[in-house]
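Taking it in order: structure first as structure tokens, then the write-up.
Read the figures in this text as sums done on the coordinates, not as results from a lab. Predicted, not measured: the structure shown is a model, and the values here were computed from it. Ideal geometry is used to build each Cβ from the backbone, glycine not excepted, and the neighbour counts take in all protein chains shown.
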Amino acid sequence: MCGIVCAFDLKEKAEDLRPQLLEMSKKIRHRGPDWNGVFNNENAIMTHERLSIVDPASGKQPLFSKDKSLVLAANGEIYNHKELREQLTGDYEFQTASDCEIILALYKEHGHDFCDMLNGIFGFALYDVEKDEYFVARDHMGIIPLYMGWDQHGTFYVASELKALEGVCSKIELFPPGHYYSSTTGELTRWYTRDWMEYDNVKDNESSIEELHDALAASVKRQLMSDVPYGVLLSGGLDSSITSAVAKLYSEKRIESG
């Protein structure tokens, strides 16, 4: 799961807000029992509660670029991170084997225009130390939870759970799925759009059992990406039985290495 709590546009001193952010992060510690980390300077504070799934040894967060100019706190899984690494044309030097570090590399190479390249589920906050800019994004369907809020002084917060913001923020909103927020524009931008969102584009489509079968199998397979053991909670219904049966096909192999 993992969890993040971050504060930007600080209207109070960072040394005064840091203990508050740590207390806010404790409220979601159940999301990440394996590690907790914090970054702060005078303009931003970023905390992370980690559940180790990929790269347990070196993938602790917040993640940093080699020169420490970019910082990332993320909750998510990027299933195509290896393919994206091979497509990079820049000189980004990876510091970990974490699937989430690809976000830093893509931001450095593409700026804001990379979210639709990610095959995965995510809610993350990225901070550019040199430019004092931040970038927050949520996955296409809102599979990963993310909330945003403002305290009475105007400091901006994002968090994985609502409870982390309660009692601190005087205004709280759901961070909308398929959107990003950039401090450079000061507004939410929709990055995920598809033709099927309009009924007229799909009203005459025919269903394909074969395509549905293949898409479901591929989805289950890529979501087994893990460097630690995993299990299945089986309720006995049709949906969980099908996904469990597909998972069994790949359960003795490491997905990323085949």
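Miscellaneous remarks
- Cβ-placed point charges (K, R +1; D, E -1), dipole of segment 196-257 about Cα centre in debye, nearest 20: 480 debye
- Rounded to the nearest angstrom and listed largest first, the equivalent-ellipsoid semi-axes of segment 72-111 from its Cα gyration tensor are 15, 11, 10.
- Around Glu77: net Lys/Arg minus Asp/Glu count, Cβ-Cβ under 11 Å: -1
- Cross-link pairs beyond the 22 Å C-alpha cut-off, checked among Lys60/Lys131; Lys82/Lys253; Lys66/Lys221: Lys60/Lys131; Lys66/Lys221
- Residue-wise HN-Hα coupling along segment 243-258, computed from phi with Karplus coefficients 6.51, -1.76, 1.60 (Hz; x: Gly, Pro): 5, 5, 5, 5, 4, 4, 5, 10, 5, 9, 10, 8, 4, 5, 9, x
- Across segment 37-49, coupling constants 3J(HN,Hα) worked out from phi with the 6.51/-1.76/1.60 Karplus curve, θ = phi - 60°, read x, 8, 10, 7, 10, 6, 10, 8, 9, 9, 10, 9, 10 Hz, and Gly and Pro carry x.
- If you take all other residues with their beta carbon under 10 Å from the beta carbon of Gly120, and give Lys and Arg +1 and Asp and Glu -1, the sum is -2.
- 11 Å beta-carbon shell around Met148, net charge (K/R +1, D/E -1): +1
- Annotation: amide H-H contacts under 5 Å for Gly120 (H modelled 1.01 Å from N, sequence separation of 5 or more, or interchain): Tyr79.
- ³J(HN,Hα), Karplus 6.51/-1.76/1.60, whole Hz, each residue of segment 157-174, x for Gly, Pro: 10, 10, 8, 6, 9, 4, 4, 5, 8, 5, x, 10, 8, 7, 9, 10, 9, 6
- Helix 14-26 and the long axis of the chain differ in direction by around 30°, with both axes built from C-alpha atoms.
- Over segment 3-193, the pair-distance histogram of Cα-Cα distances with 10 Å bins from zero comes to 10, 41, 39, 10, 1 percent, rounded to whole numbers.
- Between helix 209-222 and the chain: long-axis angle, C-alpha atoms, 0 to 90°, nearest 10: 50 degrees
- Extension gain (nm, one decimal) between Thr89 and Leu212, 0.36 nm per residue minus Cα-Cα: 40.8 nm
- Projected-area mean, segment 196-257, by convex hull of Cα positions, square nanometres: 6.0 nm²
- Placing a pseudo-label 7 Å from each Cα along the Cα-to-Cβ vector at Ser241 and Lys253 gives an inter-label distance of 2.6 nm.
- For segment 133-189 versus segment 210-249, the gap between their alpha-carbon centres in whole angstrom: 31 Å
- Placing dummy labels 7 Å off each Cα toward the beta-carbon, the span from Asp195 to Leu51 is 3.7 nm.
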